[in-house]
């Protein structure tokens, strides 16, 4: 637009200069002044339009103004050529060429907006053509016809230009729209691809954890079965060694020494099976209301004397810590196991930090750990400043018998025992470590909601238990049954025995004086729990003491011993047996 206005002023100035100065037609200076004034008004309008280009504009209003400005400019040229005609043919021809040239220039300047082009061209050229046609002279008539043909030709050309411009504009708009759509779709694809990659990563991680969990479950089932059979062997070994030791008081010192060495080895085997059962989640837990802060305080005092002076112990306890419902003795063992592992990771000394706090495991955590229930948890964090672990070592850390310690310095069951206990307590364990940056083991235990259940300590049996009682021993393992019968006989009890449930029921029918049914849980055919229920139906006053190599589903549910169930875990010594039998006799069931 500025270029059009400038050309209009220049051309009008040239016309006025030629016709007024050279040919002494001074009236054309008034024409030039009028063009300048109109051009100034149009320039102001163009400036206003440009100043509002960033704001929402009324396009119809500005289009009308543009067409009106072009019409006034064309009318000024057309009226001037009619009202102020030059005096001779040459001068008129010069004016006609100037107007025709401006109309041709308008073809390139205004063809994008057809109404403005037509208003300018027709109002500037047709008045001059009409004057030529109405002059009555042949030559002028020919020039008028030529002017009409010229206007028609450039109008046709303007139409073609306008169509091409509109088509190009539509094409550009369409391409712009398609580019925007393509950009939007590309961004959507990037988002979807990112989400898909994240889901693939999550799925691969979940599959890896599932594979690890399945492997650990399979190993747990295997170790549980091995521990069960091994506990039967250890019960017989430990029991008979104990009897030998008692008889050896009348024999040589050498027999006592050998028997003591054998008993020590058997006790180590018993400790090993206890850890195996803990890993395989087959141990019978006795959960109760537990204050974790109190437990940590009590355990830290023990650890200070156990870990040595080179290990600094710091406890950071949450004063508003929630309570949990767990087996406190097993939780204490877990803390001790983690502390001992930390000590071994800091041979030159270091710092052990035990923290407690409340935590919430939500849907995001569950998405990564499907086995976890969403809810409130109590967090127990044991962190050391030791050597740390590599990612490869961390992947095997909870596996039984896996250890990085030299041969003979570790069983590889410490972390696996903690892992099994936490899982059996419906908790979650998380391991964080980097080589040279220490290790952090976080235990999450479900928050106890409801009334506190404060469990009292186990009653202590008297040193001299009552001996006026009849006990029926039911055990399918002959060696174990023989040891139990011998031990109870030496304790002064009247003892009956059976190798299976059907025989035991027959004995109960023949001997209603039986006071205690001491039965293995894993009997062939009818299990120990079913035998106890039937025995109580036939003999309402009979008391039941279960013995087992590992926790059976018949008396343990969710890893917790059923209420009212008395259990003596294998392997056990004669003293353990004596205390438990006395306890059962003293308390009603």
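Quick grid of which residues meet (1) under 28 Å from the mean Cα position of the chain (by Cα); (2) closer than 21 Å to residue 426 by Cβ:
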{"position": "323", "(1), (2)": "yes, yes"}
{"position": "328", "(1), (2)": "no, yes"}
{"position": "338", "(1), (2)": "yes, yes"}
{"position": "341", "(1), (2)": "no, no"}
{"position": "348", "(1), (2)": "no, no"}
{"position": "355", "(1), (2)": "yes, no"}
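Exactly one residue out of 203, 170, 163 is under 54 Å from the mean Cα position of the chain (by Cα) and either at pLDDT 75 or above or surrounded by 11 or more Cβ atoms within 10 Å (Cβ to Cβ) (or both), and it is 203.
If you go through the stretch 284-312 and keep only what is under 22 Å from residue 388 (Cβ atoms) and either in contact (Cβ under 8 Å) with a residue 60 or more places away in the chain or surrounded by 16 or more Cβ atoms within 10 Å (Cβ to Cβ) (or both), you end up with 303, 307, 311. Being in contact with a strand residue (DSSP E or B) (Cβ under 8 Å, 6 or more places away or on another chain) and more than 22 Å from residue 586 (Cα to Cα) is the filter here; which residues of the stretch 507-527 pass it? Result: 507, 521, 522, 523. Is the stretch 113-134 home to any residue that is modelled with pLDDT under 70, more than 60 Å from the chain's Cα centre (by Cα) and outside any helix (DSSP H, G or I)? No, the stretch 113-134 has no match at all. The sole residue among 321, 352 that is under 25 Å from residue 287 (Cα atoms) and in contact (Cβ under 8 Å) with a residue 24 or more places away in the chain is 321.
When 448, 431 are checked against the criterion of being over 23 Å from residue 352 (Cα atoms) and modelled with pLDDT of 85 or more, 448 stands alone in meeting it.
Counting only strands (runs of 3 or more DSSP E) that sit wholly inside the stretch 311-425, those with at least 3 residues that are at pLDDT 85 or above and closer than 24 Å to residue 436 by Cα are 311-316, 350-361, 375-384.
Taking the criterion of being free of Cβ contacts under 8 Å to residues at least 24 places away in the same chain and either more than 24 Å from residue 449 (Cβ to Cβ) or surrounded by fewer than 17 Cβ atoms within 10 Å (Cβ to Cβ) (or both), would at least one residue in the stretch 339-349 satisfy it? Yes, that holds for at least one residue.
The values are calculated or read from the model by the stated rules, or taken from the named source; none is laboratory data. In this text, all values refer to a predicted model and were calculated from it rather than measured experimentally. Cβ coordinates were reconstructed from backbone atoms using ideal geometry, including for glycine residues, and neighbour counts include every protein chain displayed.
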